[in-house]
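> Below you'll find the structure I mean.
Every number here is computed from the coordinates shown, using simple stated rules; none is lab data. Quick caveat, the model's predicted, so the values are computed rather than measured. Ideal geometry is used to build each Cβ from the backbone, glycine not excepted, and the neighbour counts take in all protein chains shown.
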Amino acid sequence: MPMKQEQVSAMEQLGRKAELFGGIWPKVFESAFFVHGHICGGMPLGFRAGVWALKQLAAERELNMGKLVFVETGTGHAAGCFADGVQMATGCTFGKGLMSRTEYGKWALTVVDKESLRAARVSVRPEVIEAAFQSPFVKARREGVPPTEVPVDVSVKLVENLFAKKEEELFVAKLIERYELPRGPKPTFNIVRCAACGEVVAENKLRLKDGKPVCIPCSGYRS
Ligand SMILES: [Zn+2]
Ligand SMILES: [Zn+2]
């Protein structure tokens, strides 16, 4: 379904809320709405949490591969949209392999600087999440209304209320001097054709079957 004009205008307006962070933040925030697809409370909350986590580390939004983010939301619960806001704000994106979800079903994130191993965890204050779950927006969602069908003034109000608050009212932040990172494979720039299906595979994801290099689905292994 195409995006409604009133949603487009509201997203453009709401993008400006990020003027308080300066620089290109309004552009990033506006983009975050368009990429996310609808106006809700979860994405902007994650966005502010992400900006706040960067601030704790005195770090910039990640453009390359220098930081990682662990977001604690999961699948199968409301307000998982939080993770999209975290992703957009921190620049630690799924595609860059810099974001993982711990599936704890909690509204918190940790940003880690890969080089220094310094990290910041930001969690949303319990009363903030509890109030969000009492909002007319979540009430409508509970009744099965898709986010784009919630009246735009209801969803806009959520974002305005969020930006009327200071970070300290919304979040608890903690610095971690040395974060223990799980070891992952080194990134590779090499590719190989799977001997079974012929599709191209990143070299470090190949498996051997009868002495031939194959992709994971063709190998019969799960990972
Ligand atoms: Zn959402
Ligand atoms: Zn294959």
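> Relative contact order for the chain using alpha-carbon pairs under 8 Å, separation at least 6, rounded to a whole percent?
In percent, rounded to a whole number, it is 18.
> Let me ask another. With θ taken as phi - 60° and the coefficients 6.51, -1.76 and 1.60, list the Karplus ³J(HN,Hα) couplings across the stretch 17-23 in order, rounded to whole Hz; mark glycine and proline as x.
For the stretch 17-23, the Karplus-derived couplings read 4, 7, 4, 5, 8, x, x Hz, x marking Gly and Pro.
> Also, quick follow-up: Only Lys, Arg, Asp and Glu count, each charged at its Cβ (+1, +1, -1, -1), so figure out the dipole size of the stretch 60-185 about its Cα centre, rounded to 20 debye.
Here the stretch 60-185 has a charge dipole of around 280 debye.
> Another question, then. Under 19 Å Cα-Cα from LYS27, which lysines qualify once same-chain neighbours fewer than 8 residues away are excluded?
Of all the lysines, those that pass the test against LYS27 - Cα under 19 Å, at least 8 places apart if same chain - are LYS17, LYS55.
> Something else: Name the residues of the stretch 31-53 whose amide N is less than 14 Å from a point 7 angstrom out from the Cα of LYS157 along the C-beta direction?
Residues passing the 14 Å test: 41.
> Gain in length, SER116 to LYS55, computed as 0.36 nm per residue apart minus the alpha-carbon separation, to one decimal in nm?
20.4 nm
> Report, please, the projected area of the chain averaged over directions, based on the convex hull of its C-alpha atoms, in nm².
If you wrap the Cα atoms of the chain in a convex hull and average its projections, you get 14.7 nm².
> Further question on the same structure: Explain nothing, just compute: Karplus ³J(HN,Hα) = 6.51 cos²θ - 1.76 cosθ + 1.60, θ = phi - 60°, for every residue of the stretch 70-86 in order, whole Hz, x for Gly and Pro.
10, 9, 9, 6, x, 8, x, 8, 5, 6, x, 3, 2, 4, 5, x, 4
> Please find the FRET efficiency linking LEU175 to TYR221, where r is the Cβ-Cβ separation and R0 is fixed at 30 Å, and quote it to the nearest 0.05.
0.15
> Would you grab the residues whose amide H sits under 5 Å from the one on THR102? Only those 5+ places off in sequence or on another chain, please, with H modelled 1.01 Å from N.
Residues meeting the criterion, in which the H sits 1.01 Å from N, are VAL71, GLU72, THR73.
> If I model a spin label at ALA195 and MET65 as a point 7 Å from the Cα along the Cα→Cβ vector, what separation in nanometres do I get?
2.8
> Starting from the amide H of LYS67, placed 1.01 Å from N in the peptide plane, find each other amide H under 5 Å away whose residue is 5 or more places distant or on another chain.
For LYS67, whose amide H was placed from the backbone, the distant partners under 5 Å are LYS114.
> Once phi is turned into ³J(HN,Hα) by the Karplus curve 6.51 cos²θ - 1.76 cosθ + 1.60 with θ = phi - 60°, what whole-Hz value does each residue of the stretch 206-223 show in order, with x for glycine and proline?
6, 10, 9, 9, 6, x, 10, x, 9, 6, 4, x, 6, 7, x, 7, 8, 8
> From the mean inverse distance of alpha carbon pairs (Kirkwood) and the Cα radius of gyration, derive Rg over Rh for the stretch 117-187.
Reported Rg/Rh (Cα atoms, Kirkwood Rh): 1.17.
> State the percent of C-alpha pairs, over all pairs in the stretch 44-84, separated by a distance greater than 12 angstrom.
In whole percent, the long-distance tail amounts to 64.
> Remind me, relative contact order of the stretch 118-223 in percent, using alpha carbon pairs under 8 angstrom and six or more residues apart?
With pairs under 8 Å counted, the relative contact order is 25 percent.
> With everything on Cα atoms, drop me the angle between helix 25-36 and the longest principal axis of the chain, reported from 0 to 90° to the nearest 10.
Roughly 70 degrees between the two axes.
> Given springs between every Cα pair under 10 Å in a Gaussian network model of the chain, which of PRO26, PRO147, PRO187 has the largest fluctuation?
Of PRO26, PRO147, PRO187, the most mobile in the Gaussian network model is PRO187.
> I want to check the label-to-label distance for ALA202 and ALA164. Put each point 7 Å from Cα in the C-beta direction and report it in nm to one decimal.
Inter-label distance under the simple model: 4.5 nm.
> Further question on the same structure: Under the rule of at least 5 residues apart or a separate chain, name every residue whose amide H is placed under 5 Å from the amide H of LYS209.
Under 5 Å from the amide H of LYS209: VAL214.
> Tell me the Rg and the Dmax, in Å, that the Cα atoms of the stretch 1-130 produce.
When restricted to Cα atoms, the stretch 1-130 yields Rg and Dmax of 14.2, 45 Å.
> Taking the chain as a Gaussian network, where each spring joins two C-alpha atoms under 10 Å apart, which residue of CYS92, CYS194, CYS81 fluctuates the most?
Taking springs between Cα atoms under 10 Å, the residue moving most is CYS194.
> With everything on Cα atoms, drop me the angle between helix 5-15 and the longest principal axis of the chain, reported from 0 to 90° to the nearest 10.
With rounding to tens, the tilt is 90 degrees.
> Return the calculated 222 nm mean residue ellipticity for the chain, to the nearest 500 deg cm²/dmol, obtained by summing -39500 (n - 2.57) across DSSP H runs with n ≥ 4 and dividing by the residue count.
The helix-only estimate for the chain comes to -10500 deg cm²/dmol at 222 nm.
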